[in-house]
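Have a look at the structure below, then the notes.
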Amino acid sequence: MTDLKTTPLDSWHRGLGARMVPFAGYAMPVQYDFTGALAERCRGGVLAEHLHCRSKAALFDVSHMGQATMTGAGAAEALERLVPGDILGLKPGRQRYTLLTNEAGGIIDDLMVANLGDDRLFLVVNASRKDVDFAHIPGIVPIENRALLALQGPAASAIVGVPLSFMGVAETSIAGIPCLVSRSGYTGEDGFEISVPADRAEALAEWLVGHEAVVPAGLGARDSLRLEAGLCLYGHDLDETTTPVEAGLTWVIGKRRKMSWDFPGGAIVRDQLDNGAPRLRVGIKPTGRAPAREGTAIEGAGIITSGGFSPSLNAPIAMGYVRREFAEDGTALTLTVRGKPMPATVVPMPFVPHRYAR
Amino acid sequence: MAKKPADKRYTKDHEWVVLDGDIATVGITDHAQEQLGDVVHVELPELDREVGVNEACAVVESVKAASDIFAPLAGTVVEINETIIEDPAIVNGDPEGEGWFFKLELDDPDAFEELMDADSYEEYLETL
């Protein structure tokens with residue numbers, strides 16, 4: 001693990017009992033074994049950190065993700081050529097989830113774009129896709145000296161105290177530390193993502209966990225939370241061969257873009273929307289308690305792309321791609337888990353209702 | 001780590017075995033449960049199943065991954081711990097006590113002596 005990159009909070013995590021694992025080229029906390037005051041709030045481990053996020057608030061270090069800016073009068077137009085979203089129509093102080101698509105309509109990455117006003121866009125891309133995205137987007141300027149923290153959960157809003165609605169964004173300060181805050185996240189809970197200068201990241205993290213409701217949480221809980229929320233993980237549920245229609249992400253296509261279809265792969269996406277995609281991403285509920293994990297075959301229908309155990313539902317959940325005729329809610333599927341057939345059912349997502357501050 | 005009792009033996013797959021007559025009780029070590037993380041599901045062998053040495057005969061699923069549990073010695077399954085099926089968290093909470101997996105009637109109780117003792121297992125853990 002010697003050539004792994006580290007986030008500005010690396011030693012902070014280790015001091016809190018984090019188990020560090022390699023993820024997208026970074027040493028990242030997967031879960032914590034808490035001691036002292038934090039142990040009184042949460043025993044640590046994926047299940048407890050997950051449930052703490054749903055009941056109070058959890059602090060995630062997501063500094064591995066790629067932060068970048070695009071500036072100038074043509075920035076929104078330049079980005080809009082690469083994505084199906086309405087970027088020209090994105091108002092200052094607002095953020096939007098969008099997709100970079102290729103000529104086949106496949107997804108190069110999923111990302112967040114915020115309009116900071118004065119012809120400045122702020123982007124957050126997947127860690128594993130930084131190199132690809134930064135080479136793909138003309139005029140993009142990567143940001144190297146900032147950390148990204150996510151405070152997620154019902155207690156987050158009272159702590160952060162920045163008046164934003166869901167997907168609002170503001171340049172402000174928290175605890176006297178200048179930061180860029182958006183009301184968004186990857187857990188299905190209300191929450192905030194906070195971009196902060198690297199040298200102030202630890203001070204901000206300390207201030208946040210200084211609140212009784214907050215404990216740090218690792219990538220393990222982040223993954224089970226986003227799966228319960230039905231959110232895609234790039235490289236697993238999305239890749240360059242999956243289209244927005246197959247992925248169930250057609251809501252990202254801006255109304256104006258649906259008239260012109262002038263984004264990469266637009267004609268293919270339009271055809272799939274009109275005539276049906278060959279396969280669709282669906283929620284899957286296995287029977288019993290054994291998780292059906294990524295790569296599990298769905299007999300005659302497809303494959304599971306994310307699967308695990310839902311701490312909130314105390315049951316296994318999964319998502320995957322099935323041929324269109326198997327995509328209806330309630331459809332019975334047969335998974336093959338360790339060589340044995342396991343019945344499962346197509347179910348609507350999210351598995352746990354979103355609680356965004358709309 | 002607390003000193004482990006001398007009559008308890010261990011495998012390289014991080015199972016512990018306690019022998020009472022020709023009945024061996026098998027579970028996973030504290031080290032194993034710590035590495036696995038939160039256990040969410042356990043599959044245990046059928047009663048009366050005959051298992052060979054190192055035969056995969058149970059599965060422990062944690063939040064992270066599924067892991068096979070291997071029979072440390074050859075024998076017949078005579079009892080399984082239904083409690084950990086109902087409440088898998090017991091495997092994390094008390095892996096070397098209430099969190100036992102199954103009991104085997106050994107084909108050859110003397111083979112128990114060939115497993116690692118507590119000191120050897122400690123040494124083995126340090127090599128990992």
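The values are calculated or read from the model by the stated rules, or taken from the named source; none is laboratory data. Since we're looking at a predicted model, the values are computed, not measured. We place every Cβ from the backbone using ideal geometry, glycine too, and count neighbours over all the protein chains shown.
Filter segment A:42-69 for residues that are within 14 Å of chain B (Cβ to nearest Cβ) and either free of Cβ contacts under 8 Å to residues at least 24 places away in the same chain or under 18 Å from A:TRP12 (Cα atoms) (or both); which is nearest to the chain's Cα centre (by Cα)? The selected residue is A:GLU49. Go through the residues of segment A:233-247 one by one and say whether even a single one is assigned to a strand (DSSP E or B) and assigned by TED's automatic domain parsing to the domain that holds A:TYR321. No, segment A:233-247 contains no residue that is assigned to a strand (DSSP E or B) and assigned by TED's automatic domain parsing to the domain that holds A:TYR321. Among the conditions (1) more than 14 Å from the chain's Cα centre (by Cα); (2) over 22 Å from A:ASP33 (Cβ atoms), B:LEU125 misses just one, which is (2). Tell me, which residue of segment A:283-313 that is assigned to a strand (DSSP E or B) and over 26 Å from A:LEU51 (Cβ atoms) is farthest from the other protein chains (Cβ to nearest Cβ)? Taking the candidates together, the pick is A:GLY302.
Applying the condition of being of a type in the set (S, T, N, Q) and in contact (Cβ under 8 Å) with a residue 60 or more places away in the chain to segment A:74-128 and asking which residue is surrounded by the fewest Cβ atoms within 10 Å (Cβ to Cβ) yields A:ASN102. For segment A:314-326, filtered to residues that are more than 14 Å from chain B (Cβ to nearest Cβ) and closer than 21 Å to A:PRO353 by Cα, the residue that is farthest from the chain's Cα centre (by Cα) is A:GLY320.
Here B:PHE102 meets the list (1) within 14 Å of chain A (Cβ to nearest Cβ); (2) touching a residue at least 40 places away in the same chain (Cβ under 8 Å) almost entirely, failing just condition (1).
Could you please find all residues in segment B:14-45 being in contact (Cβ under 8 Å) with a residue 12 or more places away in the chain, among the charged types (D, E, K, R) and in a strand (DSSP E or B)? Within segment B:14-45, B:GLU15, B:GLU43 meet the criteria.
Close contacts from segment B:47-76, counting a first residue that is within 14 Å of another protein chain (Cβ to nearest Cβ) and a second that is surrounded by fewer than 15 Cβ atoms within 10 Å (Cβ to Cβ) and among the small types (Gly, Ala, Ser), with Cβ to Cβ under 7 Å and a gap of 6+ residues or different chains, come to B:ASP68/B:ALA56. When A:PRO84 is tested against (1) touching a Phe, Trp or Tyr at 6+ places or on another chain (Cβ under 7 Å); (2) closer than 21 Å to A:VAL62 by Cα, just one condition goes unmet, and that condition is (2). Total residues in segment A:1-42 satisfying the condition of being under 23 Å from B:LEU36 (Cα atoms), touching an Asp or Glu at 6+ places or on another chain (Cβ under 8 Å) and among the hydroxyl-bearing types (Ser, Thr, Tyr): the figure is 1. For A:THR241, the criteria (1) within 28 Å of A:ALA297 (Cβ to Cβ); (2) surrounded by fewer than 16 Cβ atoms within 10 Å (Cβ to Cβ); (3) over 24 Å from the mean Cα position of the chain (by Cα) hold in every case but one, which is (3).
Go through A:ARG54, A:ARG19, A:ARG14, A:ARG43 for me and flag whichever is modelled with pLDDT under 95 and assigned by TED's automatic domain parsing to the domain that holds A:LEU208.
Values: A:ARG54 fails: modelled with pLDDT under 95; A:ARG19 fails: modelled with pLDDT under 95; A:ARG14 fails: modelled with pLDDT under 95.
Going through A:ARG54, A:ARG19, A:ARG14, A:ARG43 in turn, the sole match is A:ARG43.
Selection over segment A:25-42 of residues that are aliphatic (A, V, I, L, M) and within 18 Å of A:ALA198 (Cβ to Cβ) gives a count of 2. Just a yes or no: is a residue in segment A:6-20 in contact (Cβ under 8 Å) with a residue 24 or more places away in the chain, on the phi < 0 side of the Ramachandran plot and within 14 Å of chain B (Cβ to nearest Cβ)? The answer is yes; a qualifying residue exists. Checked against the criterion of being within 14 Å of chain A (Cβ to nearest Cβ) and either over 30 Å from A:GLY295 (Cα atoms) or in contact with an Asp or Glu (Cβ under 7 Å, 6 or more places away or on another chain) (or both), the candidates B:HIS31, B:HIS41 yield just one match: B:HIS41.
Selection of segment A:179-223 for residues being over 14 Å from the mean Cα position of the chain (by Cα), in a strand (DSSP E or B) and of a type in the set (Asp, Glu) yields an empty set. Just so you know, in segment B:46-80 the residues that are out of contact with any helix residue (DSSP H, G or I) (no Cβ under 6 Å at 6 or more places or on another chain), crowded, with 21+ Cβ neighbours inside 10 Å and part of a loop (DSSP other than H, G, I, E, B) include one that is modelled with the lowest pLDDT, and it is B:LYS64.
Inside segment A:298-343, can you point out the residues that are among the aliphatic types (A, V, I, L, M), in contact (Cβ under 8 Å) with a residue 24 or more places away in the chain and more than 18 Å from A:GLU246 (Cβ to Cβ)? Answer for segment A:298-343, where residues must be among the aliphatic types (A, V, I, L, M), in contact (Cβ under 8 Å) with a residue 24 or more places away in the chain and more than 18 Å from A:GLU246 (Cβ to Cβ): A:LEU313, A:ALA315, A:ILE317, A:LEU335, A:VAL337, A:MET342.
In segment A:314-329, the qualifying residues are those that are of a type in the set (A, V, I, L, M, F, W, C) and assigned to a strand (DSSP E or B), and the one that is surrounded by the fewest Cβ atoms within 10 Å (Cβ to Cβ) is A:ALA315.
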